[in-house]
Structure formats: structure tokens, C-alpha cells
Amino acid sequence: MPYSLIILWRERRRFLPAILAVAFSDLLITVQVGLLLGALAVLTLPIDHSRAEVWAASRGVLSLELGYPIPESWRARLASMSEVTETEPYLYGFSYWRKPRGGSEVCCVIGSRLHDGALGAVSDLTPRMRMLLTEPGAVVIDESERERLGVRGVGGTAEVAGSRVRVVGLVRGLKSVGPPFVFCSLRTAYLLQPLFRDYPRHTMYLLARCRDPQDAGAVARRLGQRSDLSAFTREEFSDRTRQYWATSTKAGIGMGFTALLSLLVGLAITSQTLYAATAASLREYAVLHALGIPRLKMAGLVMAQSLWVGLGGIGLALPMIYALAASGERRGAVVLLPLWLLGLGTGLTLAMALLSGLAALRSLRLVEPITLLR
């Protein structure tokens, strides 16, 4: 190992392309997956920031935005269960936001109860915001969506589905990757969502709280046995939504292919660089072979070099990953970098470097002491 590191340092210009290729692969894989995780986390913000322990929806719902109206009278099914202490309706749907100065924007209208401890209201709403939202037409938006929706801030007005709305509060950290979230009361949400004009006394979801949060899974399973209803715990519904977007949409699949492509490109560049470096040192390897060093130990030397290349690339990539993530978040992009993701990126790139070393071993077949006489 020390001898291989000395060779790597003395021939650093020759091995630098391989180190950069490994660093680029680690950087691209980790940041791409981090962006995907961040986008998926944003998609499930209304679920993750709610207090509901059980979510009941139309049969076969795959994601939060794919629900279908269900009768609000089905609340009796949840309320009749001994484990359930509280139930309430929850509206989630899309509408058109007409800007005061012209133009329109698709928005996501989220309506919930607003009392203290309400199940559907996001925890980011302050008590004052909840009180103001009880007024008909009052809405709350994320601060970063003001320009997108054409309002300056609190007090701004617009029109949604033919009804006038007024912004009464701004929250932070609830920026959507798709249509902007518009939070309001249930009464206002029924006015702003044209779908429910055709489905009176319906709701999009039914939420429930249990006496013991540990009973949420059993309640969801029993409700899900009905042929006309789906039910999940909060964590299950959040995971289901993320899984749908990650595996069934072009965005998730595209990011996955980009990460795979970066791994293949890094593998090709690293293996060719190591092969060229080994081939350029054939006379030195021939001397070692003439001195009685077996090919197996020379192969170990090449693999040690590939290990150092991998570690060097990873060490170079880590500060760049955090710098890019911080830069993206300042511009509104959410990049999640959990420890398991950093470990996954490190493991994949290190395995890629070692695999490149194995590919470079084919040049050792040309090592023969007779080449020293040429």
C-alpha cells in the first residue's frame, strides 16, 4: 500500500484524470439522488406536516394528488372504530389562480379544519393565521411563491375559480416543486375547487387520530379491507406518494438514468486511465517480475493504486457536494444529503474504482522480462 501511494504521488499527473472522474461520478450521483429526495420530500409536505395518524381515501389511490372525491358521510366508519378519537375531512385539489395584473397559474388548494389540534392543518400555520383563515376567501401561501402568484405579500388579492381571495399570511419552507400550495379553510376550499361543485357533501380525504398512535396501522388495515376505500398511516401514505413519483414518473426515472450514466462514464474513464498508466509502466513491472515478484503481487499493486484513486476522488468530491447543495438551497432547490446517501455514493464510486483496477489488470499479461532486452 505505501509503495502504491508513492507511485501514485510521483505519477500524479498521469493518475489525475482518473481521480477527477471518480470525483465527478460521486458528485453527480449524490447530488442527483439528493435532488430527487428533496423533490419527493416537498411533494409530501402536506402529509408530513399534518397531525393525522390515518389517511382514508378512494380505492387504489397511488399518490396524494391522485385522490378522488369520497362521501363525507364515510366519516361514520372511522368514528365507529374504538381506537379512533377524532375524524375530519380534508380537501386537496387543483384550481386556477388568476393574477391581479393578468395571467394565470395552476395552484394546489388545500383545505382543512383550523382549530387547535386540527388533523389536516399544517403545523407551520400560526394561531393568528388560523384565526384569519376562518374568513371566507382568506388564504396563506409560501413566501417564495409571491412573485409566481403575482402578489406582493399579505393583503394581496387574486381570483381563484371565480372567487376573490386575499392573502392573510405567509409561511416558509412549504414551497412546492409543482403548482404552489394555497392553504385555506374547508369552507373556502369548497369555493375554490370546481371539482366539488359537482360532488356536494364529498371530500378528498378523511383523516383520523387514534387514542394510541401505535394503533394507526391496525386501523388502516381494517379500513383498507373495504372494497370502496383505501387507508394508510401517515408514514405509509407519505412513502407511497414518494415511491409513485420516484418510479412511475419521468422525473424520477430520468434522474435515476442520469446517475447511472455518470457511474458508467466514470468507470470508463477511470479504467482507461489505470490501464494506460499500467501499460506505460510495463518495463518497471518487467523488472519486478525479473526480480522474482509474482504477478499476483503486481496485480495487488494495481488494485492498491485503484483504491487510492477511489479514495482521492471521494475526498475531492465531498466538499464539492456540500457546496453544490448549499448553493442549490439558496436558489430554492431542496437537496437532502442523509448519511445513508453519502455512504451509498461513496460505496458505489469506490466499487467503480476497484472495478476499473480489475479492468486494468489485463495489461499485466504483457509483462515479460524479455521485454527488457528490446
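Overview of results
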item	result
Test: residue in the stretch 80-91 that is at pLDDT below 90, of a type in the set (Gly, Ala, Ser), under 14 Å from Leu229 (Cβ atoms) and touching a Ser or Thr at 6+ places or on another chain (Cβ under 9 Å)	no
In the stretch 113-143, the residues that are closer than 17 Å to Pro89 by Cβ and aliphatic (A, V, I, L, M)	Leu114, Ala118, Leu119, Ala121, Val122, Leu133
Strands (runs of 3 or more DSSP E) (entirely within the stretch 63-172) containing at least 3 residues that are under 31 Å from the mean Cα position of the chain (by Cα)	84-98, 104-112, 138-142, 163-171
Some residue of the stretch 58-71 being closer than 19 Å to Ser185 by Cα, surrounded by fewer than 17 Cβ atoms within 10 Å (Cβ to Cβ) and out of contact with any Gly (no Cβ under 8 Å at 6 or more places or on another chain)	yes
Selection from the stretch 204-261 of residues that are out of contact with any strand residue (DSSP E or B) (no Cβ under 9 Å at 6 or more places or on another chain) and of a type in the set (Val, Ile, Thr)	Thr241, Thr247, Thr249, Ile253, Thr258
Sole residue being surrounded by 22 or more Cβ atoms within 10 Å (Cβ to Cβ) and of a type in the set (Gly, Ala, Ser), chosen from Gly150, Gly178, Gly111	Gly111
Out of Leu263, Leu301, sole residue that is closer than 30 Å to Pro2 by Cβ, under 27 Å from the mean Cα position of the chain (by Cα), at pLDDT below 80 and in a helix (DSSP H, G or I)	Leu263
Residue in the stretch 32-43 that is touching a Gly at 6+ places or on another chain (Cβ under 9 Å), touching a residue at least 60 places away in the same chain (Cβ under 8 Å), of a type in the set (A, V, I, L, M, F, W, C) and open to solvent by 60 Å² or more (accessible area, probe 1.4 Å) present	no
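The values are calculated or read from the model by the stated rules, or taken from the named source; none is laboratory data. None of these values were measured; they are calculated from a predicted model. Backbone-built Cβ (ideal geometry, glycine too); neighbour counts: all protein chains shown. Protein only, heavy atoms only, side chains kept; ligands, DNA and RNA dropped before computing areas. Shrake-Rupley method; radii C 1.70, N 1.55, O 1.52, S 1.80 Å.
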